[in-house]
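The values are calculated or read from the model by the stated rules, or taken from the named source; none is laboratory data. If you're wondering where the values come from, they're calculated on a predicted model, not measured in any experiment. Note: ideal-geometry Cβ built from the backbone for every residue, glycine included; neighbour counts use all protein chains shown. Side chains are part of the model used for accessible areas, which takes the heavy atoms of the whole protein and leaves out ligands, DNA and RNA. Shrake-Rupley method; radii C 1.70, N 1.55, O 1.52, S 1.80 Å.
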Amino acid sequence: MSNSHHSDIMARLRAETRSAHEQLETLPFSKALLAETLPLSLYVGQLEAYLPIHRALEKHGKTHSDSAIRAVWQDNMCRVPLLMDDLAQFNAEMPTAAVQLATTNFVHFIEDMALKNSVGLLGILYVFEGSTLGARLITPRLQSAYQLSDKGVRYYQAYQEETLEHWKQFSQRMNATITDAHQQNSVLEAAIKTFHHVHALLVALWKSQ
């Protein structure tokens, strides 16, 4: 690890979160989503859970005084309006206790990070920004599975045709900002923990059927 600070942060994130990312893809929830067999209630449940999670992340993205966050965050990263718009298309059900717990744990993780190790928020942001790349594959599956047009899948189409360009610019801002080895390690650790929180949430959702 001694030479790791010579790597840019995005290369390290990609390499060092790969196994956590691959574990997500093997979950029954993820497989059912791609196979177009995920019950609609679970899709809606994920959107419901993501709403308070994104609310917490975006609150700190917009207002935190940390210079690294100020350098990377942009208001076009806000997903709360998209989630609210999607959820308005469906009849939401009360989430199970397990889903509520996984969601609450996730929100507490974000709040804790903002308080104690604010640069780690960029690790959380990395995971959600990265998900927009996979969403290009997922969106048509969702539209097909639930007979949706654009309404109901706005969250998954956050940047539309601009997705790759947006990711490129986000990567450039991250690499230019997170150059210090200690900062890099904080961001990496937060990203890995974020994947674990997503994992716990998807497992809880799957078991809630």
Label-point gap, in nm, between Glu25 and Thr104 - each point 7 angstrom along Cα→Cβ = 3.4 nm
Total charge dipole magnitude, the chain, about the Cα centre, Cβ charges on Lys, Arg, Asp, Glu only, Debye to nearest 20 = 140 debye
Share of accessible surface on carbon and sulfur in the range 39-207, whole %, 1.4 Å probe and ligands ignored, is 55 percent
With the Cα gyration tensor of the range 139-209 giving a ≥ b ≥ c as the square roots of its eigenvalues, does the rule (a/c under 1.5 for rounded; else a/b larger than b/c for prolate; else oblate) give rounded, prolate or oblate?
-> oblate
In order through the range 194-209: 3J(HN,Hα) via Karplus (6.51 cos²θ - 1.76 cosθ + 1.60), integer Hz, x for Gly, Pro | 4, 4, 5, 5, 4, 4, 4, 5, 5, 5, 4, 4, 4, 6, 7, 5
Going by alpha carbons, how many degrees (0 to 90, nearest 10) lie between the helix axis of 97-116 and the longest principal axis of the chain?
-> 20 degrees
From DSSP H assignment alone, runs of 4+ in the chain each adding -39500 (n - 2.57), the sum over residues rounded to the nearest 500 puts [θ] at 222 nm at -23500 deg cm²/dmol
Sorted by mean Cβ packing within 10 Å, highest first, what order do the peptides 45-54, 112-121 take?
-> 45-54, 112-121
Within the range 54-80, the residues whose backbone N lies under 18 Å from a label point placed 7 Å from the Cα of Lys116 along the Cα-to-Cβ direction are 57
Separation of the Met84 and Ser149 label points, Cα + 7 Å toward Cβ, nm | 2.3 nm
Taking every Cα atom in the chain, find the radius of gyration and the maximum pairwise distance Dmax, and write them in Å.
-> 16.7, 52
Label-reachable residues, the range 153-170, where backbone N falls under 19 Å from a point 7 Å from Leu133's Cα toward its Cβ = 156-170
What net charge is computed for the residues neighbouring Gln157, neighbours being all others with C-beta under 15 Å from the C-beta of Gln157, Lys and Arg scored +1, Asp and Glu -1?
-> -2
Around Gln184 (Cβ within 12 Å, Cβ-to-Cβ, excluding Gln184; K/R +1, D/E -1) the net charge comes to -3
Sorted by packing (mean other beta-carbon atoms within 10 Å per residue), highest first, where do 95-101, 190-196 land?
-> 190-196, 95-101
Under the rule rounded for a/c under 1.5, else prolate if a/b exceeds b/c, else oblate, using alpha carbon gyration tensor axes a ≥ b ≥ c, the range 62-113 is classed as oblate
Extreme residue, positive dipole direction of the chain, given options Tyr159, Gln147, Gly130 (C-beta unit charges) | Gly130
Give the accessible surface of the chain per residue, rounded to a whole number of Å², with probe radius 1.4 Å and ligands, DNA and RNA excluded.
-> 49 Å²
